[in-house]
Structure formats: structure tokens, C-alpha cells
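What follows is a set of notes on a single structure, which appears directly below.
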Amino acid sequence: MIFRRKRREVPGLNTSSTADISFMLLVFFLVTTSMDSDKGMNRQLPPKQDEKQEQMDVDRSKVMSLELSDEGILTIDEKPVEVTKMRRQLKEFIVSAGPSHIIELKTGRNCDYDTYFNLQNEIVRSYREIRDAAAKQQFGHPYSKCNEEQREVLLDKYPQRVQELY
């Protein structure tokens with residue numbers, strides 16, 4: 001007698017909801033993930049050397065020259081100073097020169113990025129402290145609490161004028 005085995009079928013998986021679950025997970029992760037945008041520095045880069053540059057007559061008494069060498073040595077008007085101690089000099093210059101001042105920044109091609117960004121942060125911090133003190137004196141509250149009109153007055157009085165050179 002020959003026994004025939006009964007052929008069994010393997011049960012299939014119900015995959016109809018797999019696409020729905022995948023879509024729901026995708027939406028969940030897109031909604032819960034934070035998309036941080038990169039922040040940068042607001043600076044005007046120097047023009048290419050090929051372009052013609054307009055010559056302007058500038059009062060040299062209203063120009064502060066900062067130079068950062070390849071070795072990380074900072075000089076202000078050819079006098080060496082530490083990056084962390086330059087803020088007082090910078091603030092005095094900005095206030096005394098008025099809105100037509102220019103901070104001329106020259107960096108070596110091989111200077112350290114950390115030193116460069118510390119210098120940039122000190123410049124920005126100097127402007128922030130000046131505007132904050134002026135806001136307290138003129139409006140009775142810090143710059144962060146000023147409305148748009150008050151901020152415009154302070155920005156006109158103390159504009160951020162940094163020129164980067166090669």
C-alpha cells in the first residue's frame with residue numbers, strides 16, 4: 001500500500017498593513033525630529049582681487065586695525081594684545097569714533113579657526129554690550145527688551161562695521 005503524503009501549504013503573512021505602519025513611523029519621526037538650522041556670522045566677504053575696487057577716503061582716526069597672524073598673535077594698531085582682553089579697547093573705540101567707525105580685520109591664511117572665531121565673538125560681544133548699555137541709559141531697559149523702533153535707533157547709533165581684508 002502506498003501512502004501519499006498530503007501536501008501542506010505554508011500560510012502566507014498578511015502584509016497589507018506594512019505600508020501603512022511604515023508611513024505612520026515615517027510621519028512620527030518627521031514630526032518629533034527637530035530640524036536645527038545652521039547659524040553663521042553676518043559678514044561681508046572681501047571682493048575678488050580681479051574686480052575693480054572703489055577707492056574711498058576714510059579718516060584713519062576712525063579706523064581700528066586688528067591683525068591676527070598665522071601664529072595666533074593679535075595686534076591692535078600694530079600693538080600686541082590678547083584676544084580676551086581686547087573688548088575694553090574695542091568698546092572705547094566704537095563709542096568714541098561714532099557711527100562712521102570701521103573695524104578693519106586682517107587674518108593670516110593659516111591662523112587657527114578657534115582664535116579667529118574667538119576674535120569674532122569678542123567683536124560681536126563688544127557691540128552687544130555697547131547697545132545694551134545705551135538702551136539702559138536711553139530707554140531704561142536692556143537691548144533685548146527694546147521694540148523694533150528702539151532697536152533701529154540703537155543700530156543707527158552703533159552700526160556693526162567690520163571689514164575683513166586678505
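The magnitude of the dipole of the chain, with charges of +1 and -1 set on the Cβ of Lys/Arg and Asp/Glu and taken from the Cα centre, is near 1400 debye. Distances between placed amide hydrogens fall under 5 Å for Lys106 paired with Leu66, Glu67, Leu68, Leu165, all partners being 5 or more residues away or on another chain. Think of the range 2-41 as a dipole: +1 on every Lys or Arg Cβ, -1 on every Asp or Glu Cβ, centred on the Cα centre; then among Val10, Phe23, Ser34, Val10 lies furthest on the positive end. Where (i) 8.9; (ii) 10.6; (iii) 22.7 are the candidate values, the label of the one calculated here for mean projected area of the Cα convex hull in nm² is (iii).
Over the chain, with the other protein chains present, what is the accessible area per residue in square angstrom, probe 1.4 angstrom? Walk me through the numbers before you get to the answer.
Numbers: 13680 Å² over 166 residues.
I get 82 Å² per residue for this part.
Could you pull out which residues in the range 111-148 have an amide N less than 20 Å from a spot 7 Å beyond the Cα of Asp36, following the Cα-Cβ vector? Residues 114, 117-118, 121 qualify, since their backbone N sits under 20 Å from the label point. Once backbone amide H atoms are built at 1.01 Å from N, Arg161 has Ile103 as its partners under 5 Å, excluding neighbours fewer than 5 places away on the same chain. In order along the range 59-68, the phi-based Karplus estimate (6.51 cos²θ - 1.76 cosθ + 1.60, θ = phi - 60°) of 3J(HN,Hα) comes to 5, 5, 6, 9, 10, 10, 9, 10, 10, 10 Hz; Gly and Pro are listed as x. Straight-line cross-link partners of Lys91 among the aspartates and glutamates, defined as a Cα under 19 Å from its Cα and at least 8 positions apart when in the same chain: Asp59, Glu67, Asp77, Glu78, Glu82, Glu104, Glu122, Glu129, Asp132, Asp156, Glu164.
Among the DSSP beta bridges whose two residues both lie in the chain, what percent are antiparallel, rounded to the nearest 5?
Taking every DSSP beta bridge within the chain, about 40 percent pair in antiparallel fashion.
Quick one: pull the percent of accessible area on the chain belonging to carbon and sulfur, 1.4 Å probe, ligands and nucleic acids left out.
The computed percentage sits at 51.
Per residue of the chain, the DSSP helices (runs of n ≥ 4 H) give a summed -39500 (n - 2.57) that works out to -12500 deg cm²/dmol at 222 nm.
The values are calculated or read from the model by the stated rules, or taken from the named source; none is laboratory data. Given the structure is predicted, the values throughout are model-derived calculations rather than measurements. Here the Cβ is made from the backbone with ideal geometry for all residues, glycine too, and neighbour counts use every protein chain on show. Protein only, heavy atoms only, side chains kept; ligands, DNA and RNA dropped before computing areas. Shrake-Rupley method; radii C 1.70, N 1.55, O 1.52, S 1.80 Å.
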